[in-house]
Amino acid sequence: PGNAGPCAVPFQAFSLFVKAKEVVPAAPRCPGGGEGVRWRCCRQAFEELPGIHRHVALHHSGDVGRQERMDAELDAEAGGSPAGGPAPAGSPEISWALPDTSRVSHGDLTSKVGEVLLYYCYCEVKDPQKLCAWQKALCQHLHLTGKVRVASEGINGTVGGSKAATSLYIEVMLSQPLFKNILCQEDFKSSAGGAHCFPDLRVGVFKEIVPMGIDPKIVSYKETGIHLSPQEFHREVEQYLSQASQGQSDTILLDCRNFYESKIGQFQGCLAPDIRKFSYFPSYVDENLELFKDKRVLMYCTGGIRCERGSAYLRSKAVCREVYQLKGGIHKYLEEFPDGFYRGKLFVFDDRYAICSNEDIISACRYCGALWDQYKLCSSQHCRQLVLTCPSCCNKGLTACCPVCQEKELKVTSRASGQTLKEECECTRRRPRVPIERVSQRMLDTGK
């Protein structure tokens, strides 16, 4: 062990292991000094590359070797080729490449002024663990934060960082053999933000890249609805609203998002299910099949990914006449039609909670009813629900999502440290898990 070095373990796995230990450089110790701490492992900090190399070689050669053997076994089980050989047909090899950042200043790479990217790619992934490891190393290399879900059916991510970092991220993603000829530049939806929009970086392997709760082998993204461009969707909605106002529409404009998302922004005349999780959507469809019988369904969601599986599930029931979905979701629609048929804010799953494209406010303060659409987390520590409470009500101490949580907030300090009780409040108990829709004029009320 004393003579071990980087060559004692597979170089590719070794390099990736080291890259995963990279952290945001600290400020220079003096005007002429280096960048400070660059790697952290086993509660130790390393300022020089040789130092982290020696540490990994001495203490983690077994970990790196085991990971390399595991990767080789997975490749063999999946019918993969030996290292250096051609990848099997239909199964592109995952590239371990990381972008060269030597020409980008540290300031540009870590600037707080940046953007948040939202994207997904459905494709067959033979080795989700390997893709996950590469994705984590890539994001850390570019100082990106956010959430990335990897599965055998593809990848789904929302990451934030500087413009230089997100630009390099897109460039590398588009050159990744696994996504080549599938992902394209327009598949990345961007909005103003940065690394500060997320508390950390979370990259993991899951069964689904969007949690619908249905095995991807049973309901596949390959059976999705017909994609409509923002322009096509806009024309469809325009026609739908015109017909619906006369009570003649055979179309349902369906919002696939959760109730707290559609509450602050939605398309005019839409049907927005009062569901709290996308995993409830299949049950919602099952309980309301009669509603969709012989209908043309226009579906939409934030970035398009929920519609991919949601439309496939709806089509599997064989009750609709046609199922369409908005390609690129609300994100792409608002880029082309900021003053179109979508009114209010667009909810996003990061610390911003919402982004704005128009000045309309369609929601109200939970307590006084004044127009308000800026979410805050419920002030009760046991609850993670969002609440709309205006500044006036906040000043009165009304900061919880419901009276039950307001009362529990005063008692939470007596609980054991670290103990949490999510969703245990009046808001959740009073809302049906899966609402049963009643066909009425409410669905056709397009004026509000």
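The values are calculated or read from the model by the stated rules, or taken from the named source; none is laboratory data. In this text the structure is predicted, and so the values were computed from the model without any measurement. Neighbour counts are summed over all protein chains in view; Cβ atoms, including those assigned to glycine, are modelled from backbone coordinates with ideal geometry. Heads up: the accessible areas ignore ligands, DNA and RNA and are worked out on the full protein's heavy atoms, side chains in. Shrake-Rupley method; radii C 1.70, N 1.55, O 1.52, S 1.80 Å.
Here are the numbers for this structure:
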item: Flag if Arg309 is buried (at least 20 other Cβ atoms within 10 Å of the Cβ), within 27 Å of Ser190 (Cα to Cα) and in contact with a Cys (Cβ under 6 Å, 6 or more places away or on another chain); result: no
item: Qualifying residue in segment 155-175 (condition: assigned to a loop (DSSP other than H, G, I, E, B), farther than 23 Å from Arg352 by Cβ and open to solvent by less than 30 Å² (accessible area, probe 1.4 Å)); result: no
item: Filtered residue count, segment 236-245, keeping only those that are modelled with pLDDT of 95 or more and surrounded by 16 or more Cβ atoms within 10 Å (Cβ to Cβ); result: 4
item: Candidates Arg384, Arg352 - the one that is among the basic types (Lys, Arg), within 24 Å of Val159 (Cα to Cα), in a loop (DSSP other than H, G, I, E, B) and at pLDDT below 90; result: Arg384
item: Filtered residue count, segment 272-302, keeping only those that are open to solvent by less than 10 Å² (accessible area, probe 1.4 Å), within 23 Å of the chain's Cα centre (by Cα) and of a type outside the set (Val, Ile, Thr); result: 8
item: Options Arg352, Arg321; residue that is open to solvent by 40 Å² or more (accessible area, probe 1.4 Å), under 26 Å from Val297 (Cα atoms) and of a type outside the set (A, V, I, L, M); result: Arg321
item: Residue list for segment 179-235, filter: among the aromatic types (Phe, Trp, Tyr), out of contact with any Asp or Glu (no Cβ under 7 Å at 6 or more places or on another chain), closer than 21 Å to Gln129 by Cβ and open to solvent by less than 80 Å² (accessible area, probe 1.4 Å); result: Phe179
item: Residue list for segment 188-235, filter: in a helix (DSSP H, G or I), more than 21 Å from Ile275 (Cβ to Cβ) and at pLDDT below 95; result: Lys222, Glu223
